[in-house]
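S.K.: Before I ask anything, here is the structure I am working with.
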Number of protein chains: 2
Amino acid sequence: MAPSGSSPHASPATSLSRTETLSLVSLSGASLAILANTFHGDGEPLIASLSLSLVAFSLCYAMIRWLGPTFIKAGFRGRDLSKVNSAELPECMGSVCAAVYLITVIIFIPFPFYKDIVAATSGGGNRDVVVEIHHANEGRFLHRFPHNKLASYLGAIISLQTIALLGIGDDLFDIRWRHKWWIPGLASIPLLVVYFVDFDVTSIVIPVPLQPFLGDLFDLGFLYYVYMACVAMFCPQSINMLAGINGIEVSQCIVVSLLIAFNDCLYLFTPYPHPATDSHLFSLYFLLPWIGVSVALLAHNWYPAKVFVGDTYCYFSGMVFAVVGILGHFSKTLGLLLVPQLFNFLYSCPQIFGLIPCPRHRLPKFNARSGLLEPSITPWSPDRQPHPLVGKALHLLHRLRLLRVTTDEAGLFVETSNLTLLNLWLVWRGPLKENRLAWEVTLLQLGVGLFGLFVRHKLALLIFKEDNWGSTGQH
Amino acid sequence: MAPSGSSPHASPATSLSRTETLSLVSLSGASLAILANTFHGDGEPLIASLSLSLVAFSLCYAMIRWLGPTFIKAGFRGRDLSKVNSAELPECMGSVCAAVYLITVIIFIPFPFYKDIVAATSGGGNRDVVVEIHHANEGRFLHRFPHNKLASYLGAIISLQTIALLGIGDDLFDIRWRHKWWIPGLASIPLLVVYFVDFDVTSIVIPVPLQPFLGDLFDLGFLYYVYMACVAMFCPQSINMLAGINGIEVSQCIVVSLLIAFNDCLYLFTPYPHPATDSHLFSLYFLLPWIGVSVALLAHNWYPAKVFVGDTYCYFSGMVFAVVGILGHFSKTLGLLLVPQLFNFLYSCPQIFGLIPCPRHRLPKFNARSGLLEPSITPWSPDRQPHPLVGKALHLLHRLRLLRVTTDEAGLFVETSNLTLLNLWLVWRGPLKENRLAWEVTLLQLGVGLFGLFVRHKLALLIFKEDNWGSTGQH
């Protein structure tokens with residue numbers, strides 16, 4: 001699996017440099033050596049996951065480079081709208097990430113699960129003699145993992161493969177926006193079905209102030225599935241909407257992944273065994289390889305981009321978050337990490353629902369003279385002015401500095417900036433270089449996410465009786 | 001899910017006729033009504049699977065019709081080489097089958113598994129109290145299904161999704177033949193990994209005459225995985241190779257599916273409970289929906305074809321057979337049903353391995369004057385004659401009536417028929433109309449398969465101590 005050897009193409013853009021080859025080969029070699037070492041003793045699935053993620057990074061880095069011409073030839077290509085002279089670049093490279101990621105998580109299956117099988121059955125796959133499995137939950141052994149998690153793990157893979165299939169279908173057939181919305185919903189079916197078969201826990205913990213009225217736990221029943229489907233639909237779409245400049249899709253996903261992983265670590269390295277350890281190990285097993293392949297993609301997609309990511313990447317990434325959030329039972333925490341995406345979605349609603357005209361592309365406008373990005377605008381002609389109520393709302397937003405509105409002497413609307421977070425950031429900060437804008441929004445994501453985690457762990461005790469740090473899980 | 005309503009396109013080729021719509025809607029309605037009835041009492045997963053398969057048939061039938069123009073627009077199109085005036089037809093319609101099939105088997109998950117979960121745990125997903133699960137294996141209740149099969153079921157779905165992804169990749173990027181060979185091998189990884197984690201039984205039963213030397217059971221260990229990977233690689237490729245005329249890919253798959261399903265029924269309707277019941281129920285759950293979507297495809301792909309199936313269909317279908325054969329532990333029986341494919345593969349080897357030149361297409365030649373198909377040929381020029389040994393072999397095959405060889409007066413090779421079963425059949429039977437050839441080869445498949453099953457169940461006792469009809473399973 002080490003990306004050794006050189007590509008048959010001699011062009012520098014499609015083959016690895018000697019330094020790159022050497023680095024990737026030695027990184028993969030070291031990772032595989034560590035991986036081989038985890039077979040000794042009881043196994044260390046977390047270390048194994050980390051090593052496999054590094055191998056996935058190397059493989060993905062090399063494959064993105066090698067497959068560029070193949071993708072262009074197959075028609076997956078596009079031009080960069082924010083560059084002066086842009087060559088045709090390969091599109092949909094997120095599908096390479098998805099493929100490498102899927103291979104990684106599939107190959108990883110035996111690491112956390114095999115030891116338990118040997119312990120929990122009388123060996124040789126003979127399942128007639130079931131010895132007590134539940135003792136595995138008691139001790140604090142990171143290498144132990146309950147076998148009943150295997151079905152969840154497989155269900156998660158099925159959901160991710162479904163979103164990959166649908167994402168590729170979207171990239172191929174250019175599905176209409178209205179239909180696109182349902183794609184992640186369809187992909188969440190396997191997840192929900194496995195959840196139904198395997199857990200079917202549909203109660204939520206009620207905040208303390210409401211407990212006198214609703215009790216400690218409230219069984220949502222069928223609505224819990226609707227809620228999970230909504231989470232699975234929101235994550236991919238909201239990430240797909242915060243897009244349009246080099247690197248921003250990937251960098252936001254890496255930040256969110258790192259924050260979730262950080263949150264997971266809070267549960268793993270507590271001074272005493274935490275009951276939610278399994279859920280958070282589960283989450284790490286899915287996130288680490290995704291961080292690996294995303295970093296490989298970012299190296300090619302960061303300004304100036306040499307490849308584009310395609311819808312597949314955004315859908316897939318959102319689904320990874322939804323999967324770990326749902327099966328790890330921390331979908332509310334996940335929401336706190338996606339606040340910028342949530343804001344971007346709500347802010348976009350007037351254009352999505354047609355209150356304000358929505359052009360095909362709303363990405364920031366590239367000013368070829370200054371080389372900077374400026375907010376893109378929606379023009380208004382004197383014949384076609386917004387509804388008076390909408391006009392008032394636009395003026396209000398302008399006064400709140402949440403929109404840039406230009407009017408003529410008669411007070412008629414001439415143009416308004418498009419309603420996306422990127423445009424709003426440019427309204428606030430003035431014209432920026434593309435990579436500068438990507439950096440700033442990425443840091444915003446990081447800051448908001450860290451604050452969200454702070455709120456989650458320090459302030460949640462005000463409205464919930466017990467935090468996850470307490471003795472009861474949030475199940 | 002009922003394919004009601006009419007397509008926005010008015011053209012008769014892309015929308016359903018009134019009769020078709022009515023039939024499909026009433027079929028789906030009746031199936032859904034039956035499905036709803038299976039919720040009463042203990043549930044009847046086999047009936048549920050049958051109803052879902054009928055719904056899948058209706059949905060697939062309608063979607064193939066509706067999506068034709070979309071596929072043509074996206075570049076999935078081709079011309080029929082065996083017709084006088086062929087319009088461009090949509091290609092890769094097998095991917096629609098695969099998509100509908102995957103949705104069906106995913107939605108089906110709760111039917112066989114849910115009741116057991118309720119019985120086997122203390123309810124509400126609480127897995128701390130594990131009551132005896134293995135009693136479920138004792139009685140003869142078709143509605144009971146052991147929970148440990150859930151992981152196998154999910155693993156099978158992952159393998160099938162992987163082959164769908166890879167098949168679409170193949171259809172998109174036109175992967176070279178040499179690399180194609182490995183695609184099903186890659187897709188078998190999930191299956192093997194889940195097998196490893198969940199069963200890891202690697203012993204085979206030794207035929208009686210060899211038992212004094214090798215013992216009753218022989219543990220193949222790692223080699224058993226190689227064997228399974230080979231099965232998974234052989235099935236898709238061999239089906240992909242027996243192709244080239246309208247309908248033949250689909251009709252052979254339907255025949256093989258029906259034969260496996262017939263074999264499964266032999267185990268279900270025995271006078272006494274059979275220990276392999278579970279494996280064969282498992283097999284039926286995967287085969288019935290596949291028969292449903294395949295019949296829908298055949299209706300459009302049979303002579304004269306209105307759509308083409310694409311590599312995705314052949315790969316996917318082969319993988320369905322490999323999955324049920326491997327996880328149902330009847331891969332040897334499966335081999336008996338694929339004898340025509342095996343023959344076609346072996347017969348093709350001289351051209352595959354370059355002993356005889358291999359043109360890009362080896363499908364039978366269409367004679368536009370007579371409207372009949374004739375064997376296609378490999379031409380030999382006087383400068384480029386086969387190696388003397390190969391020449392001798394060709395003459396021998398000619399004498400055995402396994403090849404048509406034409407030589408000039410000097411004894412030099414002028415042309416030889418291409419080495420495929422379809423061409424050989426035309427050598428034997430003379431020029432045939434395309435649909436006649438497809439019928440005859442399909443009936444050949446059926447006859448050989450029925451004979452194979454007869455051998456399996458009546459003659460296997462001569463070399464194995466116990467048949468599956470006996471008291472021990474073939475695990």
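S.K.: Which is β-branched (Val, Ile, Thr), over 15 Å from the mean Cα position of the chain (by Cα) and buried (at least 22 other Cβ atoms within 10 Å of the Cβ), of B:VAL293, B:VAL250, B:VAL307, B:VAL320?
M.R.: Numbers: B:VAL293 fails: over 15 Å from the mean Cα position of the chain (by Cα); B:VAL250 fails: over 15 Å from the mean Cα position of the chain (by Cα); B:VAL320 fails: over 15 Å from the mean Cα position of the chain (by Cα).
Being β-branched (Val, Ile, Thr), over 15 Å from the mean Cα position of the chain (by Cα) and buried (at least 22 other Cβ atoms within 10 Å of the Cβ) holds for just one of B:VAL293, B:VAL250, B:VAL307, B:VAL320, which is B:VAL307.
S.K.: Here's something else I'd like to know. Name the single residue that is farthest from A:PRO431 (Cα to Cα) among those in segment A:357-375 being assigned to a loop (DSSP other than H, G, I, E, B) and in contact with a helix residue (DSSP H, G or I) (Cβ under 6 Å, 6 or more places away or on another chain). Steps first, answer last, please.
M.R.: Keep residues of segment A:357-375 that are assigned to a loop (DSSP other than H, G, I, E, B), which gives A:357-364, A:368-371, A:375.
Of the ones still in play, those that are also in contact with a helix residue (DSSP H, G or I) (Cβ under 6 Å, 6 or more places away or on another chain) are A:358, A:364, A:375.
Working: A:CYS358: 22, A:PRO364: 10, A:PRO375: 8 Å.
Among residues in segment A:357-375 that are assigned to a loop (DSSP other than H, G, I, E, B) and in contact with a helix residue (DSSP H, G or I) (Cβ under 6 Å, 6 or more places away or on another chain), the one farthest from A:PRO431 (Cα to Cα) is A:CYS358.
S.K.: Among the residues of segment A:238-250, is there at least one that is within 11 Å of chain B (Cβ to nearest Cβ), part of a helix (DSSP H, G or I), more than 19 Å from A:SER279 (Cβ to Cβ) and not aliphatic (A, V, I, L, M)?
M.R.: No, that holds for no residue.
S.K.: How about segment B:71-109: which of its residues are in a loop (DSSP other than H, G, I, E, B), over 21 Å from the mean Cα position of the chain (by Cα) and more than 12 Å from every other protein chain (Cβ to nearest Cβ)?
M.R.: If the condition is that a residue be in a loop (DSSP other than H, G, I, E, B), over 21 Å from the mean Cα position of the chain (by Cα) and more than 12 Å from every other protein chain (Cβ to nearest Cβ), then B:ASP80, B:LEU81, B:SER82, B:LYS83, B:VAL84, B:ASN85, B:SER86, B:ALA87 are the ones that fit.
S.K.: Please go through (1) under 30 Å from B:LYS83 (Cα atoms); (2) surrounded by fewer than 18 Cβ atoms within 10 Å (Cβ to Cβ); (3) not aromatic (Phe, Trp, Tyr) for B:PRO388 and return the number of the only condition it doesn't satisfy.
M.R.: Failing condition for B:PRO388: (1).
S.K.: Across segment B:163-219, what is the total count of residues that are facing chain A (nearest Cβ under 9 Å), surrounded by fewer than 17 Cβ atoms within 10 Å (Cβ to Cβ) and in a helix (DSSP H, G or I)?
M.R.: So the count comes out to 1.
S.K.: Any residue at all in segment B:344-356 that's of a type outside the set (D, E, K, R), part of a helix (DSSP H, G or I) and in contact with a strand residue (DSSP E or B) (Cβ under 8 Å, 6 or more places away or on another chain)?
M.R.: Our first condition is that a residue be of a type outside the set (D, E, K, R); within segment B:344-356, this holds for B:344-356.
Add one more test, that the residue is part of a helix (DSSP H, G or I), and what stays is B:344-352.
Pick out the ones that are also in contact with a strand residue (DSSP E or B) (Cβ under 8 Å, 6 or more places away or on another chain) and you get B:351.
Yes, segment B:344-356 contains a residue that is of a type outside the set (D, E, K, R), part of a helix (DSSP H, G or I) and in contact with a strand residue (DSSP E or B) (Cβ under 8 Å, 6 or more places away or on another chain).
S.K.: Checking the condition hydroxyl-bearing (Ser, Thr, Tyr) and under 19 Å from A:TYR347 (Cα atoms), which residue from A:SER381, A:SER417 passes? Don't jump to the end; show me each part of the working.
M.R.: Numbers: A:SER381 fails: under 19 Å from A:TYR347 (Cα atoms).
Answer to the check: A:SER417.
S.K.: Looking at segment B:117-132, is at least one residue more than 10 Å from chain A (Cβ to nearest Cβ), in contact with a Lys or Arg (Cβ under 6 Å, 6 or more places away or on another chain), modelled with pLDDT under 85 and not in a loop (DSSP other than H, G, I, E, B)?
M.R.: no
S.K.: Out of B:PHE262, B:PHE234, report the one residue that is part of a helix (DSSP H, G or I), more than 14 Å from chain A (Cβ to nearest Cβ), surrounded by fewer than 18 Cβ atoms within 10 Å (Cβ to Cβ) and hydrophobic (A, V, I, L, M, F, W, C).
M.R.: Among B:PHE262, B:PHE234, only B:PHE262 is part of a helix (DSSP H, G or I), more than 14 Å from chain A (Cβ to nearest Cβ), surrounded by fewer than 18 Cβ atoms within 10 Å (Cβ to Cβ) and hydrophobic (A, V, I, L, M, F, W, C).
S.K.: Six or more apart or on different chains, Cβ atoms under 7 Å: show the pairs whose first residue is in segment B:69-88 and over 20 Å from B:ASP171 (Cβ atoms) and whose second is in a loop (DSSP other than H, G, I, E, B) and among the aliphatic types (A, V, I, L, M).
M.R.: From residues that are over 20 Å from B:ASP171 (Cβ atoms), the pairs are B:SER82/B:ILE245; B:VAL84/B:ALA368.
S.K.: Note down all Cβ pairs under 9 Å where the first residue falls in segment B:202-223 and is under 19 Å from B:HIS329 (Cβ atoms), the second is of a type in the set (Phe, Trp, Tyr) and in a loop (DSSP other than H, G, I, E, B), and they're at least six residues apart or on different chains.
M.R.: B:VAL205/B:PHE464; B:ILE206/B:PHE464; B:PRO207/B:PHE464
S.K.: Follow-up. Please tell me if B:ILE158 is within 11 Å of another protein chain (Cβ to nearest Cβ), in contact with a Cys (Cβ under 8 Å, 6 or more places away or on another chain) and at pLDDT 85 or above.
M.R.: Details: within 11 Å of another protein chain (Cβ to nearest Cβ): yes; in contact with a Cys (Cβ under 8 Å, 6 or more places away or on another chain): no; at pLDDT 85 or above: yes.
It is false that B:ILE158 is within 11 Å of another protein chain (Cβ to nearest Cβ), in contact with a Cys (Cβ under 8 Å, 6 or more places away or on another chain) and at pLDDT 85 or above.
S.K.: Where residues in segment A:410-447 are part of a loop (DSSP other than H, G, I, E, B) and in contact (Cβ under 8 Å) with a residue 40 or more places away in the chain, which of them is surrounded by the fewest Cβ atoms within 10 Å (Cβ to Cβ)?
M.R.: Step one: of segment A:410-447, the residues part of a loop (DSSP other than H, G, I, E, B) are A:410-412, A:418-420, A:430-431, A:433.
Okay, now just the ones that are also in contact (Cβ under 8 Å) with a residue 40 or more places away in the chain, so A:418-420, A:431, A:433.
Values: A:ASN418: 27, A:LEU419: 23, A:THR420: 23, A:PRO431: 16, A:LYS433: 13.
Only one residue fits best here, namely A:LYS433.
S.K.: I've got another one for you. Please tell me if A:LEU419 is out of contact with any Phe, Trp or Tyr (no Cβ under 8 Å at 6 or more places or on another chain), under 26 Å from A:PHE234 (Cβ atoms) and among the aliphatic types (A, V, I, L, M). Please lay out each step first, then the result.
M.R.: On the way: out of contact with any Phe, Trp or Tyr (no Cβ under 8 Å at 6 or more places or on another chain): no; under 26 Å from A:PHE234 (Cβ atoms): yes; among the aliphatic types (A, V, I, L, M): yes.
Considered against the rule, which asks whether it is out of contact with any Phe, Trp or Tyr (no Cβ under 8 Å at 6 or more places or on another chain), under 26 Å from A:PHE234 (Cβ atoms) and among the aliphatic types (A, V, I, L, M), A:LEU419 comes out as no.
S.K.: For residues that are under 19 Å from B:VAL324 (Cβ atoms) and of a type in the set (Phe, Trp, Tyr), scanning just segment B:170-215, find the one that is nearest to the chain's Cα centre (by Cα).
M.R.: Filtering first and then ranking leaves B:TYR195.
S.K.: Determine which single condition A:PRO340 fails, assuming it passes every other condition in (1) surrounded by fewer than 19 Cβ atoms within 10 Å (Cβ to Cβ); (2) in contact (Cβ under 8 Å) with a residue 12 or more places away in the chain.
M.R.: A:PRO340 satisfies all of (1) surrounded by fewer than 19 Cβ atoms within 10 Å (Cβ to Cβ); (2) in contact (Cβ under 8 Å) with a residue 12 or more places away in the chain except (1).
S.K.: Just one of the numbered conditions (1) assigned to a helix (DSSP H, G or I); (2) at pLDDT below 85 is not true of B:GLY68; which one?
M.R.: All conditions pass for B:GLY68, except number (2).
S.K.: Another question about this same structure. Scan A:GLY292, A:GLY247, A:GLY318, A:GLY310 and give me the residue that is touching a residue at least 40 places away in the same chain (Cβ under 8 Å) and either among the aromatic types (Phe, Trp, Tyr) or in contact with a Gly (Cβ under 7 Å, 6 or more places away or on another chain) (or both).
M.R.: A:GLY310
S.K.: Is it the case, given these coordinates, that A:HIS300 is crowded, with 17+ Cβ neighbours inside 10 Å and more than 20 Å from A:MET233 (Cβ to Cβ)?
M.R.: In short, yes.
The values are calculated or read from the model by the stated rules, or taken from the named source; none is laboratory data. Quick caveat, the model's predicted, so the values are computed rather than measured. All Cβ positions, even for glycine, are placed from backbone atoms using ideal geometry, and neighbour counts span all protein chains on display.
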